[in-house]
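The values are calculated or read from the model by the stated rules, or taken from the named source; none is laboratory data. Values in this document were obtained by computation on a predicted structure and should not be read as measured data. Quick reminder, even Gly has a Cβ in these numbers, built from the backbone with ideal geometry, and neighbours come from all protein chains shown.
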Amino acid sequence: FSDAVVRLVSDKFRDVVSARDFGAFGAGNDDTTELQTFLNQMKPTGLKAWLPRGEYALSSTLVLNNAGTNVQPGVEPEKNEILYRTAIVGDGAGSTILRYVGSGAALHINTGLGKAHHRGFSLVQDDNVNRSGVGLKVDWSASLKFSDIEIKGFEYGLHNLDSFSILYEAIDFEDNRVGFIGGYAQGSHPNAINFISCRWMNNKNSGVTLINPTTCNFIGGSFEGNGTGDNQTGAISINGASSEGAFGCNITGVYFENNFCLADIVINNAGSGSRVGM
C-alpha cells in the first residue's frame, strides 16, 4: 500500500495481544492465574483480550472490571473523557472453551457505562448432576453486547444484575438449572435487555427468569426441552410488574417446543390495593 506508514514488526505484534503471551495456552491446564493477569494488563489498553482456540481450565472466578475512566497520558484533564473498554474475544463458541471447576461465577464482568462486545467462547461446567455456580455474571453494566457464546451446566447460566441496555445475540443456554436470570439489587431492574436469535435448551427449571423486567425483548430464537427438573416454572418466567414506566416483555417470532414447564410463558404478578383510572 503506497500510503501505508512503515512500522517495525515488533510494533505490529503489539496490535494483537493474546492470552498465550501471558502463559495461558489453553491446553486443559489451570490457566486462572495467567488469565487474570492477562485481563488486568489489558484493561487500561482498550485492546481486545484475545483467547485463541483451546480449552482453558478455571478454578476460581475470572474478573473483568472495566468500570471507571482510563487516564490518557498527555491529555488535558478536562478532555480526558475517553473510556477504554476491553472485550473478551475468543475464536468461537466450541473453539475457545473456558471449563470451570470452581464455585461462584466462572466469569464476572462489570463494565459501568461503556461499550464493549464480548464474543466467541464457551463457558462449561461438567457437573451435570448438581449444577452449581454461575457461568457468566454481568452486573453494574450498560451498553454491552454479547454474541456467539455457549453457557452450559451451571445453576444459573447467566446472571444479569443491576444492568440495562444490553444486547445478547446468538447465545446458547443449555443444561443449566436456570438459563438466564435477570434481577435487581440496588441499581436497575432488567431494563432494555434484548435477546436476538438465542437458544434455550434442556434448562431444568426455566429457560429465562425475569424479576420486575422493563422492556425485555425476545426476537427470534427458540426454547426447547426446558423444565424437566423438580421445580420447573416457565420456559420464560416473568415475576412482578414492569418497572420504570414501560412494558415488561415483548416476544416476537420465538419458537417453543416440548417444554415441560407449567407453560411456555408464565407471568406471576399479584398484589393488593386499588388503582384509579385503569
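Which residue out of Gly207, Gly248, Gly183 is out of contact with any Phe, Trp or Tyr (no Cβ under 9 Å at 6 or more places or on another chain) and within 19 Å of Val138 (Cα to Cα)? Steps first, please.
Details: Gly207 fails: out of contact with any Phe, Trp or Tyr (no Cβ under 9 Å at 6 or more places or on another chain); Gly248 fails: within 19 Å of Val138 (Cα to Cα).
When all the criteria are applied, what remains is Gly183.
What pairs can you find where one residue is in region 86-106 and free of Cβ contacts under 8 Å to residues at least 40 places away in the same chain, the other is charged (D, E, K, R) and assigned to a loop (DSSP other than H, G, I, E, B), and their Cβ atoms are less than 9 Å apart, with a gap of 6+ or different chains?
Final answer for the pair search is Ala87/Lys48.
Matching residues to (1) crowded, with 18+ Cβ neighbours inside 10 Å; (2) modelled with pLDDT of 95 or more; (3) assigned to a strand (DSSP E or B); (4) hydrophobic (A, V, I, L, M, F, W, C):
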| site | (1), (2), (3), (4) |
| --- | --- |
| Phe121 | yes, yes, yes, yes |
| Asn128 | no, no, no, no |
| Arg131 | yes, no, no, no |
| Leu136 | yes, yes, yes, yes |
| Glu150 | yes, yes, yes, no |
| Phe154 | yes, yes, no, yes |
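Rundown of residues vs (1) in contact with a strand residue (DSSP E or B) (Cβ under 9 Å, 6 or more places away or on another chain); (2) at pLDDT below 95, yes/no style:
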residue: Asp3; (1), (2): no, yes
residue: Lys48; (1), (2): yes, yes
residue: Leu51; (1), (2): yes, no
residue: Leu62; (1), (2): yes, no
residue: Gly74; (1), (2): no, yes
residue: Glu78; (1), (2): no, yes
residue: Tyr84; (1), (2): yes, yes
residue: Ile88; (1), (2): yes, no
residue: Gly102; (1), (2): yes, yes
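Within region 221-235, can you find the residues that are among the hydrophobic types (A, V, I, L, M, F, W, C) and at pLDDT 95 or above?
Within region 221-235, Phe223 is the sole residue that qualifies.
State which residue is surrounded by the most Cβ atoms within 10 Å (Cβ to Cβ) when the search covers only region 20-59 and only residues that are small (Gly, Ala, Ser), under 20 Å from the mean Cα position of the chain (by Cα) and under 20 Å from Ala105 (Cα atoms).
Residue satisfying both the conditions and the ranking: Ala49.
Only residues in region 24-42 that are closer than 11 Å to Leu58 by Cα and assigned to a strand (DSSP E or B) count as the first member; pair them with residues that are hydroxyl-bearing (Ser, Thr, Tyr) and modelled with pLDDT of 95 or more, Cβ under 9 angstrom, at least 6 apart or cross-chain, and list the lot.
From residues that are closer than 11 Å to Leu58 by Cα and assigned to a strand (DSSP E or B), the pairs are Gly28/Tyr56; Asn29/Tyr56; Asp30/Tyr56; Asp30/Ser59.
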